[in-house]
Structure formats: C-alpha cells, structure tokens
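Undergrad: Structure incoming, see below.
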2 protein chains.
Amino acid sequence: MAATLHDVARLAGVSIKTVSNVINDYPHIRPTTRERVEAAISELGYTPNLTARNLRSGRTGAIALAVPDLSLAYFAELAAEVIAAAEAAGVVVLVEQTGGDRDRELELLRSPRLKLTDGLIFSPLGMGQDDVAALDVAYPMVLLGERIFDGPTDHVTMRNIDAARAATEFLIAAGRRRIAVVGAHEGELIGSAALRLRGYVEALEAAGIPYDDDIVGYTTLWHRANGAETMREILARGVDFDAVFGLNDTLALGAMRVLQVEGRRVPDDVAVLGFDGLDEAEYSIPSLTTVDPGRDWIAKTAVATLLERIAGRADAEPRTLLADFQILQRESAPAVR
Amino acid sequence: MAATLHDVARLAGVSIKTVSNVINDYPHIRPTTRERVEAAISELGYTPNLTARNLRSGRTGAIALAVPDLSLAYFAELAAEVIAAAEAAGVVVLVEQTGGDRDRELELLRSPRLKLTDGLIFSPLGMGQDDVAALDVAYPMVLLGERIFDGPTDHVTMRNIDAARAATEFLIAAGRRRIAVVGAHEGELIGSAALRLRGYVEALEAAGIPYDDDIVGYTTLWHRANGAETMREILARGVDFDAVFGLNDTLALGAMRVLQVEGRRVPDDVAVLGFDGLDEAEYSIPSLTTVDPGRDWIAKTAVATLLERIAGRADAEPRTLLADFQILQRESAPAVR
DNA sequence: TTGAAAGCGCTAACAC
DNA sequence: GTGTTAGCGCTTTCAA
C-alpha cells in the first residue's frame with residue numbers, strides 16, 4: 001500500500017498540514033521541520049495521491065484530445081505536437097479516437113469519461129453545422145478543424161480557402177493551366193475538402209481559367225489508397241491535365257505513385273502539389289511540394305487557449321484563431337515549368 | 001455546478017445509497033423506486049463524478065501509454081491500436097512521449113502523473129539492460145520493445161532475430177548475394193537494431209555468404225532522412241550490392257528514394273526490403289516488401305495483459321509474449337529475381 | 001429493500 | 001509556524 005500524508009506526518013512527528021505545506025511549497029516553514037518532513041517523504045517513497053487532490057481541487061491536470069484516427073499521419077503529427085505543448089505546461093493528454101464517425105463524436109461529447117479531464121481539444125470529422133448545439137457543453141473546449149463554424153467555443157483552425165487558393169495560384173504561376181484535383185467530396189459544402197476546393201475555384205476564376213469537372217476526382221476517405229484510386233479514375237477519363245492538386249498530402253502521394261506507374265513524369269508532364277506539410281512529403285520521389293497550414297502553431301495555440309479557459313476565462317466571448325500558412329516548395333511542383 | 005448524488009437523492013426523496021444502487025445496477029430495488037430515481041437523474045442531468053469514484057475505488061479507468069514520439073509512424077500506428085483495444089475494454093488512454101530519451105524515460109517511471117492511471121504500457125528506447133531495476137515499480141506495467149529483457153514485468157514483443165533472419169533468407173532465396181543494411185547502430189548490443197542485424201548475420205552464415213561491413217550503414221535515429229543519408233554513404237563507398245535491408249520501413253523508404261535518385265532501378269538493380277509493416281509501405285514506388293512484426297497483436301495483447309494485471313493477477317510470474325511475424329511481399333523485393 | 005455513516009487522501013479555513 | 005478539522009462525491013459495510 002502506498003504511503004499517505006498521515007504516514008509521512010507520523011514518521012516526521014508533525015501534522016498532515018505541515019507535510020502538505022512542504023509538498024506545496026508553502027513559504028513559512030521552519031527549515032528543520034522541512035528537513036524532517038523531506039526525510040520522511042523520501043524514506044517512505046511518498047508521492048501524493050493525485051486522485052484525492054483532484055477531488056479536492058476540482059482539477060485533474062489532464063486534458064482530452066479527440067481526433068479521428070492516430071494512424072492518419074496528419075492527426076498523429078498534430079497529437080505529437082499537442083502532447084508536447086501540454087507537457088510543457090505540466091498537463092497530460094488523454095487521447096480518444098472517434099473514427100470520424102458523427103455518432104461517436106456526439107457520444108464522446110457527452111461521455112462521462114471526459115470527467116477525468118479538465119477540458120477537451122476536439123477535432124470532429126463527421127459532425128456538421130447542424131450539430132453546433134452539441135458543442136454547447138459544460139466543460140472547457142477548443143474546437144479544431146472546419147466542420148463547424150460560429151460555435152459556442154474557441155476555434156483554432158487554418159486558412160483553408162486562402163491556402164488552397166495560394167497553392168493553385170502557385171501552379172498557375174508555374175505555367176500550369178489544366179490542374180486536376182484529387183480528393184473532392186461529392187456535394188459537400190463544409191469541411192476541408194469543400195473549403196480547399198473553393199480556394200482552387202477562386203484561383204482559377206481570378207486567372208480566367210475555366211473550371212472543368214472532368215479533371216476533379218471525388219472520394220470519401222483521405223487515405224493513400226483513395227488518392228491512388230481517384231487518380232486512376234481521372235486517367236481513365238482520358239482527359240488532359242498538367243498538374244494535380246491533392247487536397248491533402250496523403251492523397252497527393254497516392255496520386256503521384258499512380259501517375260508514375262502509368263508513365264507520367266512528375267513534374268515534367270504533371271506537377272503535383274499537396275496540403276498538410278507532413279514530414280513524409282519531404283522524402284517521396286520526387287519530394288512533394290505542399291502547403292504547411294500551420295499545424296504546429298495550431299497545436300500550441302489550442303493547448304494555450306484551452307488552459308486559459310480552464311484557468312477561468314469562462315465568461316469571455318468565443319474566439320476564432322487562424323494559423324498562417326506557407327507553401328513548401330519542393331521537386332514535385334517547381335516554381336517554373 | 002454539476003448535480004451530485006445528494007441532489008438526486010433529495011429530488012427523488014430517497015437516500016444517496018439508493019441512488020448509488022440504481023446507478024450501479026444493484027439488483028434488489030423496487031421498480032417504483034428505480035423509476036423515481038431515474039427520473040430525478042435525467043431531470044438534473046446527473047453524471048457521476050469519476051474522480052470521487054476513483055478515489056473510493058482506487059481505480060481510474062485509465063491506462064498510460066508511453067512511446068518515444070507519435071510522429072514516428074510505427075508508434076502512431078501502435079498507439080492507434082492500443083487506444084482502440086483499450087476503448088473496447090472501456091478504458092481510456094493517456095499518451096506520454098519520452099522522446100526516446102533515457103533520463104525522461106526513467107523520470108516518467110517515477111512520475112506522480114502516472115497516479116492518474118491504473119497501469120502503464122511502456123515502450124522505452126533510451127533505457128538499457130542496466131536500467132532493469134527501474135522497471136520494478138509499484139504499479140502494473142507491460143513492457144514493449146527490445147531494450148530490456150528478463151525484467152520484473154510482463155513483456156510483449158516481436159521475434160526480431162527470427163523475422164530479420166527470415167527477411168534476409170527471403171532476399172537470398174530471390175538470388176541476392178550482396179545485401180546491404182541500412183540503420184545499424186554502432187557498437188550496440190541490445191535493441192531492435194542489434195537484434196535485427198543479428199538475424200541478418202545468422203541468415204548470411206547459414207547461406208555461406210561472408211559478412212561485409214562495407215555494405216552495412218550505421219545511423220543513430222530511424223527517421224527517413226537517416227535512411228537517405230546512410231544510403232548515400234554506402235553508395236559513396238563505391239562498393240557493390242544488389243539488395244538493401246532497411247532495419248525499419250522508414251529507413252528503407254528513405255534509402256529507396258536515394259537509390260532511385262542515383263539511377264539504380266528498384267528492384268532490378270537493387271531489391272529493397274523493410275521492417276514494420278507500415279501502411280505507407282504499401283504506397284511507395286515501388287511498393288515496399290516488408291516484415292509485419294505483428295504490431296496489431298502486440299497492441300491488443302499488451303492491453304489485455306495489463307488489464308489482467310490490474311484486475312489482480314499481481315502475484316503471477318512475469319510473462320514474455322511473442323508475436324508472430326510475416327513477410328508482406330510487394331514490388332521492391334520480388335520472390336524471384 | 002433502503003438508510004446512516006464511515007472513510008478513500010487531500011486541501012484549506014481557521015485556530016492556536 | 002504548526003495543528004485541527006471539515007469536507008470534495010462517492011462506495012460500502014452494517015443496521016434497520
């Protein structure tokens with residue numbers, strides 16, 4: 001059985017309050033008393049029972065992070081950054097996977113398991129604008145992603161439209177005119193896919209290039225296999241194109257593989273550009289030009305914002321915080337053709 | 001303020017014990033009483049305070065998973081599987097990153113933050129056999145990996161030597177004789193690198209092929225950049241080789257990129273084989289032949305074993321559980337040259 | 001079948 | 001400076 005405050009107090013010949021004072025660095029303690037207590041603590045190998053402390057204080061020192069799936073590289077890298085930022089603040093992270101399923105996301109928001117934490121960083125994928133009311137929860141929450149806007153909570157996200165527009169403009173400036181898209185979501189109006197497609201369309205319009213649905217590839221999931229499959233579909237249509245904009249890196253990498261297998265030279269015949277700034281995009285063949293949407297900033301800001309809320313800025317208006325993006329120029333899409 | 005048992009009891013006109021009975025599905029309750037209590041619960045939106053329950057029961061319903069870094073694909077996929085297995089058992093997972101640093105690993109083992117959980121699944125990378133004593137902790141733990149053997153805890157791991165030997169034999173059977181290695185750790189005797197290298201050497205010896213240090217590439221980290229850099233070093237030596245065994249997939253993918261950039265055809269000139277069975281190995285160009293070391297089984301078994309320990313098999317002897325491996329045959333290393 | 005009350009280990013008023 | 005004590009919200013004997 002682990003030692004308690006009482007055990008330490010008995011051994012040191014003081015009251016539990018004194019021991020508590022020592023542990024919590026209360027300033028006014030006689031040095032000799034402190035020494036006795038510290039000796040007793042190390043002799044017994046005492047560590048405070050955090051559960052008891054939490055019950056008393058109403059805090060747990062943990063936050064929850066809910067993402068669709070850690071085996072998706074984007075969310076793995078996001079989680080790594082969130083955990084690092086939380087650790088720097090002395091907080092641990094409980095990770096939940098929702099599978100991007102709306103029902104599981106809604107269930108999670110009501111789950112008593114969240115009681116183990118002081119707040120939630122939530123990245124939904126299945127919920128939509130209609131579910132905005134479900135976000136009105138009794139605990140501090142920071143929302144990530146682009147499924148829901150104008151919710152009742154702080155929202156940290158990226159400039160999807162602007163970044164996709166800039167990416168498309170980059171391809172146009174490099175002399176590409178027939179820019180295929182991989183990863184659009186059929187009929188979708190919200191979410192990353194829709195916003196990035198909008199940025200793409202805006203850039204085309206600004207350049208006077210007509211939009212052509214024949215070079216837009218639709219899919220549901222954003223796995224590598226989907227990128228490959230969608231690219232094959234576009235190729236099978238027999239249409240002409242000189243660039244591919246993958247709506248994320250994973251799709252772009254899958255598409256790039258198919259292009260090469262089918263004998264297209266990248267970037268000579270077809271330039272390829274992704275979105276997410278994944279580590280692995282730097283090591284594909286050719287290396288992938290991509291948009292870094294500011295994921296690291298998003299992770300740090302989400303943690304900082306959540307901890308502020310937990311610390312008591314409960315009354316303040318919900319804020320939306322937008323990350324800066326940048327294009328990471330690599331081999332798959334050079335600036336000049 | 002959230003409702004408590006007392007609030008519910010008062011509203012339902014019963015004692016808190018009765019409410020507690022209802023919540024915990026205690027069988028002998030008069031139906032009318034149960035209804036009254038349930039009505040009160042839903043009227044108040046009561047959910048039990050898990051912290052209080054934990055303090056009482058001594059359990060938290062959470063386990064910790066400590067890995068080097070979630071941005072390493074192997075650990076991200078492992079974490080995804082651990083979290084899924086834990087969720088199926090009704091347990092949540094707190095994820096810690098150690099950076100693979102020995103001091104941080106040792107510190108973690110003593111961290112009071114672990115008090116928030118019932119046990120730990122620990123995948124060390126910096127600790128070694130000399131640190132085995134540090135594993136003798138007061139809480140349930142399951143060890144992963146190959147840094148420490150014969151420790152005082154359950155150990156779930158893979159057949160590194162056998163699997164690496166089988167991988168090398170596969171290349172030999174395919175007619176390769178000069179098999180380079182990427183990712184060896186200089187002077188290391190324990191850990192994945194050392195064990196996999198041993199399997200490689202055993203296979204060479206069994207086939208009567210001399211070991212040649214000139215085609216063994218050393219590195220410290222197992223990032224993609226290290227695989228690329230190590231491959232460049234081997235190429236710079238001007239030695240001859242017809243295959244590359246990457247000690248993990250990430251290294252193999254980095255190496256394969258360099259080979260292709262330098263004009264070697266994969267697999268015609270050089271076959272490439274990895275280790276880990278990562279998802280992405282299926283979508284490289286060419287797709288990567290690799291060893292699946294049984295990661296999914298490891299994750300499920302680690303969770304199940306830890307939960308058994310937590311449930312009270314504390315006395316039982318520590319067990320070592322070994323996963324089955326298999327070679328996933330793809331394009332980068334065909335069975336026949 | 002239900003109630004009363006102790007206590008899990010800690011913090012923080014409040015006393016001395 | 002240090003001790004006493006009342007809870008935090010729950011589970012669990014033990015009685016009724």
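Undergrad: Just from the alpha-carbon atoms, what are the Rg and Dmax of segment A:57-148 in angstroms?
TA: 12.7, 37
Undergrad: Gaussian network model of chain A, Cα springs within a sub-10 Å range: biggest mean-square fluctuation belongs to which of A:ILE179, A:ILE298, A:ILE310?
TA: Ranking A:ILE179, A:ILE298, A:ILE310 by mean-square fluctuation puts A:ILE310 first.
Undergrad: What residues of segment B:248-268 lie in the reach of a label at B:THR220, counting those whose backbone N is under 12 Å from a point 7 Å from the Cα along Cα→Cβ?
TA: Hits in segment B:248-268 for B:THR220 at 12 Å: none.
Undergrad: Out of segment B:186-259, which trypsin sites (Lys or Arg not before Pro) are coil in DSSP terms and have no more than 13 other C-beta atoms within 10 Å? Please report the intermediate quantities before stating the final value.
TA: On the way: sites: B:ARG196, B:ARG198, B:ARG224, B:ARG232, B:ARG237, B:ARG257; in loops: B:ARG237.
Sparse-neighbourhood loop trypsin sites (Lys or Arg not before Pro): B:ARG237.
Undergrad: Moving on to the next point. How many Å² of accessible area per residue for segment B:160-293, probe 1.4 Å?
TA: Working: 4740 Å² over 134 residues.
Dividing the accessible area of segment B:160-293 by its residue count gives 35 Å².
Undergrad: Alpha carbon centre of segment A:76-128 versus segment A:311-331: separation in Å?
TA: The two parts, judged by their Cα centres, are 17 Å apart.
Undergrad: How high is the FRET efficiency between B:GLU188 and B:ARG265 when r is their beta carbon distance and R₀ equals 35 Å, given to the nearest 0.05?
TA: Numbers: r = 32 Å, r/R0 = 0.92.
Computed FRET efficiency for B:GLU188 and B:ARG265: 0.60.
Undergrad: Once the label point is set 7 Å along the Cα-to-beta-carbon vector, what list of distances in nm do you get between A:PRO152 and its counterparts in the other copies?
TA: Copy-to-copy label distances at A:PRO152, shortest first: 5.0 nm.
Undergrad: Then there is this: To the nearest 100 Å², how much accessible surface do chains B and A hide from each other in total, with a 1.4 Å probe? Mind showing how you got there, number by number?
TA: Working: alone 16470 and 16460 Å², together 28850 Å².
So the buried area, both faces added, is about 4100 Å².
Undergrad: By DSSP, what percent of the beta bridges with both residues in segment B:200-337 are antiparallel, rounded to the nearest 5?
TA: Numbers: 3 of 9 bridges.
Antiparallel bridges make up about 35 percent of those DSSP assigns within segment B:200-337.
Undergrad: Just to compare against my own numbers: the Cα pair-distance distribution for chain A, 10 Å bins, whole % per bin, please.
TA: For chain A, the binned pair fractions read 5, 23, 25, 18, 13, 7, 6, 3, 0 percent.
Undergrad: Any chance you could look up the accessible area of B:THR4 with a 1.4 Å probe, heavy atoms only, rounded to 10 Å²?
TA: Looks like 60 Å² after rounding.
Undergrad: Where the Cα atoms of the protein assembly as shown are projected onto their three principal axes, how long is each span, largest first, in whole Å?
TA: In descending order, the Cα extents are 76, 65, 55 Å.
Undergrad: Please say if segment A:264-318 is rounded, prolate or oblate, where rounded means a/c under 1.5 for a ≥ b ≥ c the square roots of the C-alpha gyration tensor eigenvalues, and otherwise the choice is prolate for a/b larger than b/c and oblate otherwise?
TA: On the way: a/c = 8.89, a/b = 3.83, b/c = 2.32.
Prolate, since a/c reaches 1.5 and a/b exceeds b/c.
Undergrad: Would you kindly work out, in nm and rounded to one decimal, the distances from the label point of A:GLU308 to those of the same position in each other copy, ordered shortest first, with label points 7 Å along Cα-to-Cβ?
TA: Listed shortest first, these distances are 4.9 nm.
Undergrad: With N denoting the number of residues in segment A:205-265, provide Rg(C-alpha) divided by 2.2 N^0.38 Å, to two decimal places. Can you show the working numbers first?
TA: Working: Rg = 11.6 Å, N = 61, 2.2 N^0.38 = 10.5 Å.
So the Cα radius of gyration is 1.11 times the expected 2.2 N^0.38 Å.
Undergrad: Something else now. When the accessible area of each residue in segment B:74-108 is compared between its chain alone and the complete protein assembly (1.4 Å probe; ligands, DNA and RNA ignored), which residues differ by at least 30 Å², being lower in the assembly?
TA: Residues losing area: B:ALA76, B:ALA80, B:ILE83, B:GLU87, B:VAL92, B:VAL93, B:LEU94, B:VAL95, B:GLN97.
Undergrad: Find, among the GluC sites (Glu not before Pro) in segment B:199-303, those assigned to loop by DSSP (not H, G, I, E, B) with at most 13 other beta-carbon atoms within 10 angstrom. Kindly include the intermediate steps, with their values, before the conclusion.
TA: On the way: sites: B:GLU202, B:GLU205, B:GLU229, B:GLU233, B:GLU262, B:GLU280, B:GLU282; in loops: B:GLU262.
Answer by residue number: B:GLU262.
Undergrad: What is the extension gain from B:SER42 to B:ARG10, computed as 0.36 nm multiplied by their sequence separation minus the C-alpha to C-alpha distance, in nm to one decimal?
TA: 10.1 nm
Undergrad: Out of the total accessible area of segment B:245-337 (probe 1.4 Å, heavy atoms of protein only), what percent is carbon and sulfur? Before the final figure, lay out the partial values.
TA: Numbers: 1780 of 3690 Å².
Here carbon and sulfur together make up 48 percent of the probe-accessible area.
Undergrad: Still on this structure, I have one more. Could you name every residue in segment A:271-296 that has 50 Å² or more less accessible surface in the full protein assembly than in its own chain alone (probe 1.4 Å, ligands and nucleic acids excluded)?
TA: A:TYR283, A:ILE285
Undergrad: If you don't mind, another one. Please state the charge dipole magnitude for the protein assembly as shown, taken about the Cα centre, from unit charges on C-beta atoms (+1 on K and R, -1 on D and E), reported in debye and rounded to the nearest 20. Before the final figure, lay out the partial values.
TA: On the way: 68 positive and 98 negative charges, 410 e Å.
Around 1960 debye, computed over the protein assembly as shown.
Undergrad: Any idea what the A:ALA89 label distances to the other copies are, label 7 Å down the Cα→Cβ vector, nm, shortest first?
TA: Relative to the other copies, A:ALA89 has label-point distances of 3.1 nm.
Undergrad: Can you tally the net charge around B:ALA84? Count Lys and Arg as +1, Asp and Glu as -1, for every other residue whose Cβ sits under 10 Å from the Cβ of B:ALA84.
TA: Values: positive: B:LYS300; negative: A:ASP69, B:GLU81, B:GLU87, B:ASP296.
That works out to -3.
Undergrad: Given the Cα atoms of segment A:5-48, and with Rh set as the inverse mean 1/r over their pairs in the Kirkwood sense, what is Rg to Rh to two decimals? Walk me through the intermediate numbers first.
TA: Numbers: Rg = 8.9 Å, Rh = 9.9 Å.
Across segment A:5-48, the Cα-based Rg/Rh ratio is 0.90.
Undergrad: When the expected Rg is taken as 2.2 N^0.38 Å, what fraction or multiple of it is the alpha-carbon Rg of segment A:141-198?
TA: On the way: Rg = 13.8 Å, N = 58, 2.2 N^0.38 = 10.3 Å.
Relative to the 2.2 N^0.38 Å estimate, segment A:141-198 comes out at 1.34.
Undergrad: OK, next. Among all stretches of chain A without exposed chymotrypsin sites (Phe, Trp or Tyr not before Pro) (DSSP loop, at most 14 other Cβ atoms within 10 Å), which one is longest?
TA: Values: sites that count: A:PHE149, A:TYR211.
By the stated rule (loop sites, at most 14 other Cβ atoms within 10 Å), A:1-148.
Undergrad: Report, as a whole number in µm² per second, the diffusion coefficient that Stokes-Einstein gives for segment B:1-125 at 4 °C and 1.567 mPa s using the Kirkwood radius over alpha carbon pairs.
TA: Numbers: Rh = 17.2 Å.
For these conditions, the coefficient is 75 µm²/s.
Undergrad: Now, a different point. Need one number for segment A:184-337: average projected area of the convex hull over its C-alpha atoms, nm². It would help to have the intermediate numbers written out before the result.
TA: Values: hull surface 43.0 nm².
That works out to 10.7 nm², a quarter of the Cα hull's surface.
The values are calculated or read from the model by the stated rules, or taken from the named source; none is laboratory data. Keep in mind it's a predicted model, so treat the numbers as computed, not measured. When we count neighbours, we look across all protein chains shown, and the Cβ atoms used for this are built from the backbone with ideal geometry, even at glycine. For accessibility, only protein heavy atoms count, side chains too; no ligands or nucleic acids. Shrake-Rupley method; radii C 1.70, N 1.55, O 1.52, S 1.80 Å.
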